[in-house]
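In what follows, a single structure is set out as structure tokens and then discussed.
The values are calculated or read from the model by the stated rules, or taken from the named source; none is laboratory data. Note that this is a predicted model, so its numbers are computed, not measured. Quick reminder, even Gly has a Cβ in these numbers, built from the backbone with ideal geometry, and neighbours come from all protein chains shown. Protein only, heavy atoms only, side chains kept; ligands, DNA and RNA dropped before computing areas. Shrake-Rupley method; radii C 1.70, N 1.55, O 1.52, S 1.80 Å.
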There are 2 protein chains.
Amino acid sequence: MYRLYHMPLSPFCRKVRLVLAEKRIEVDLVEERYWERDPDFLRRNPVGKVPILRIEGRNMSESMAICEYLEHIHPSPALMPSKPEERYEVRRLCGWFDDSFFNQVTANLLYERVNRKIMGTGYPDSAKIKAGTKAIKFHLDYMAWLLDQRRWLAGDTMTLADFAAASHLSALDYTSDVEWTRNEGVKDWYAKIKSRPAFRGILSDVVPGFPPPPHYADLDF
Amino acid sequence: MYRLYHMPLSPFCRKVRLVLAEKRIEVDLVEERYWERDPDFLRRNPVGKVPILRIEGRNMSESMAICEYLEHIHPSPALMPSKPEERYEVRRLCGWFDDSFFNQVTANLLYERVNRKIMGTGYPDSAKIKAGTKAIKFHLDYMAWLLDQRRWLAGDTMTLADFAAASHLSALDYTSDVEWTRNEGVKDWYAKIKSRPAFRGILSDVVPGFPPPPHYADLDF
């Protein structure tokens, strides 16, 4: 069976978990406190990050590389369209969320509120919380603009881009950092994706000492 | 003709330039001072980053998404292998360089030394320079370890992973931040890639007020 070394609220790990669940691939989840830099773990990934997906004795890292690989060897159900222009748009949005959204929003809010506490690196930096709270509005509005023209983020079918975005937003929803009333289109999109069977594992995550708010797992939020 | 909005020392722009040059695709290069947030430029990419590749009136962003698209529509010469395991390794290494190497090395050295000066945001932060100088050693040693087992970084053929790595290293070589005597294998690899015709454009880059050191464009460095 596949094994995934992960942390529950990591958006990069969530993206891989969603892909595995959507494709109905069984996986054994192992929490890895990667910041403790356990030597065994560093042998699996010298750069010391999660997720690591272990397949037949091989340790795979870098969430986008893993997702593209899973898409190739488990093509059904498809999470990548076939036309090059459409594939480009999926990858562009994955880059948008995993780079710009991550640096401007996720790192400023989730990492300050949760990771600092579990890693024991002090209190949240209020300047970062302020920057993240401002930046998420711009990104939610951009998503609303996309969803005004398309059924899903990258086009008319659900793709890896939706999973990348939902991975960040679901983790931020755990800390009540998403203002769902801001854009109706974004809320509708999240309700659709949240109700998929693939999302169940993520909605049942609980970080010790950090209970989720009641709306987190509620499909009618 | 294609048009690329770029900055000469940006490793993400360099990766796209190398792919275009290797595939012999003509491109019109336009320098874009993206931090000035020109409204015209923000219409091309609301997240305000370079590179932007303009193809037939369409503005494309996110360097990996662009490179994968170029590989699809201009497949020859190939910069991606065909087997899924080999494609995974190329993407893993692109992620390694564009994320970990970038954050630990390029952002700490190149961005502190050059970007601060051209953007007018003050002097380099000595703690960051120190962190970058330490981190590059680990990454060069990791490259040496890979190159001890393979002809190129991701396997026995040259791929996008080599271009991703060379984009960061060439930009850092411009600021004399690469200790080429540390690992002979890495130096040999860079000499091979530096002597390719596709590399010429990059070796002739000059940033005003910031001349390159004499060894920068020298094939026998």
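At a glance:
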item	result
Neighbourhood net charge (15 Å Cβ-Cβ; Lys/Arg +1, Asp/Glu -1) for residue A:216	-1
Nearest-20 debye value, the protein assembly as shown charge dipole, Cβ charges on Lys, Arg, Asp, Glu	280 debye
Semi-axes of the equivalent ellipsoid for the protein assembly as shown, Cα gyration tensor, largest first, Å	34, 24, 23
Global form of region A:63-103, assessed from the alpha-carbon gyration tensor, a/c cut-off 1.5	oblate
Region A:84-202, relative contact order in percent, only Cα pairs under 8 angstrom and at least six apart counted	29 percent
Cα centroid separation - region B:86-121 against region A:104-159, whole Å	22 Å
Length-normalised contact order of chain B in % [C-alpha pairs under 8 Å, at least 6 apart]	22 percent
Per-residue [θ]222 nm for chain B (sum of -39500 (n - 2.57) over DSSP H runs n ≥ 4, rounded to 500)	-14000 deg cm²/dmol
Nm distances between copies for residue A:24, ranked from closest, using label points 7 Å along Cα→Cβ	4.9
Area hidden from solvent between B and A (accessible, protein heavy atoms only, 1.4 Å, total, Å²)	2400 Å²
In region B:1-87, the trypsin sites (Lys or Arg not before Pro) that fall in loop regions by DSSP, at most 10 other Cβ within 10 Å	B:37
At 7 Å out from Cα toward Cβ: residue A:218 inter-copy label distances (nm, ascending)	6.9
Dimensions in Å of region A:2-73 - Rg and Dmax from alpha carbons	11.3, 33
Most to least accessible of A:35, A:152 (protein chains only, probe 1.4 Å)	A:35, A:152
Cut-off under 5 Å, modelled amide H: who pairs with residue B:30 long-range	B:4, B:5, B:6
Inter-copy spacing of residue B:196 label points, which lie 7 Å from Cα along Cα→Cβ, given in nm from shortest upward	3.6
Cα gyration tensor, chain A - rounded (a/c under 1.5), prolate or oblate	oblate
Relative contact order of region A:2-73, pairs being alpha-carbon contacts under 8 Å that are 6 or more residues apart, as %	38 percent
At R0 = 41 Å, FRET efficiency that the Cβ-Cβ distance of residue A:191 and residue A:58 yields, to 0.05	0.65
Shape call, region B:120-209: gyration tensor on alpha carbons, a/c limit 1.5	oblate
Given chain B, longest segment not containing exposed loop GluC sites (Glu not before Pro) (DSSP; at most 11 other Cβ within 10 Å)	B:57-221
For residue B:133, solvent-accessible area (1.4 Å; no DNA, RNA or ligand), Å²	60 Å²
